[in-house]
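This report refers to the structure that appears directly beneath it.
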Amino acid sequence: MKLGSVRRAAGEPGAAPAPGTVIRKNVCTHCSVGCTVIAEVQNGIWIRQQPAWESPINRGTHCAKAAVIREVVQSDRRLKYPLKLAGGQRTRVSWDQAIAEIGDKMLAIRAQAGADSVYMIGPAKMTNEGAYLFRKFGAPVVGLLWPYLSRIGVGRLPGDIVIERDNVTLYFPLMTCFLLSLLFSLVLWVVNR
């Protein structure tokens, strides 16, 4: 490629806002990065969006999750209330009933078959708030990663905090995380020399 053959691209101007719409600048909630989203709202309904070019974080781009953020909120296929399959038919139940039934069933499986018998995995399109709630729901049932790592001695170093209450043990492995971070840093430093 010859020197000077690369030139600045000129894009088409964006679509003009529809009549009666309001432009709102917001922050995407799908992860903790904080990308800017420009939303076009009409009669209180989010109808279009685009990334913000002036944002120093996303610089006019959307990731795959942010590109569908509007659909997550307004899709006709979005689950708006819990459904229970009974007798081949899906019936609407309350959130309290759904959470109680699912939690009780998972605890029963764990009690019968052990802690390793229950596993939870969340979708990639989960928002920060959804991930927080998912973790809050799953931690008492499934447990956290550190109890499993403690079987091989991780999480029991001086400086690691262990809280035990009833049948729940929480590990805050501060020193273990520090040492693992130091180890990974050294490995990366050796590999990239």
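The values are calculated or read from the model by the stated rules, or taken from the named source; none is laboratory data. Just so it is clear, the model here is predicted, and its values are computed rather than measured. FYI the Cβ positions are ideal-geometry reconstructions off the backbone, even for glycines, and counts take in every protein chain you see.
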Can you work out which of the residues in region 152-193 that are surrounded by fewer than 15 Cβ atoms within 10 Å (Cβ to Cβ) and assigned to a loop (DSSP other than H, G, I, E, B) is modelled with the lowest pLDDT?
-> G153
Residue count, region 35-66 (criterion: surrounded by 13 or more Cβ atoms within 10 Å (Cβ to Cβ) and acidic (D, E)) = 1
Having 2 or more residues that are in the same structural domain as T127 (by TED's automatic domain parsing) and either within 24 Å of the chain's Cα centre (by Cα) or at pLDDT 85 or above (or both) is the bar; report the strands (runs of 3 or more DSSP E) wholly within region 40-92 that clear it.
-> 83-86, 89-92
Taking region 104-134 and keeping only residues that are charged (D, E, K, R) and at pLDDT 75 or above, one is left with D104, K105, R110, E129
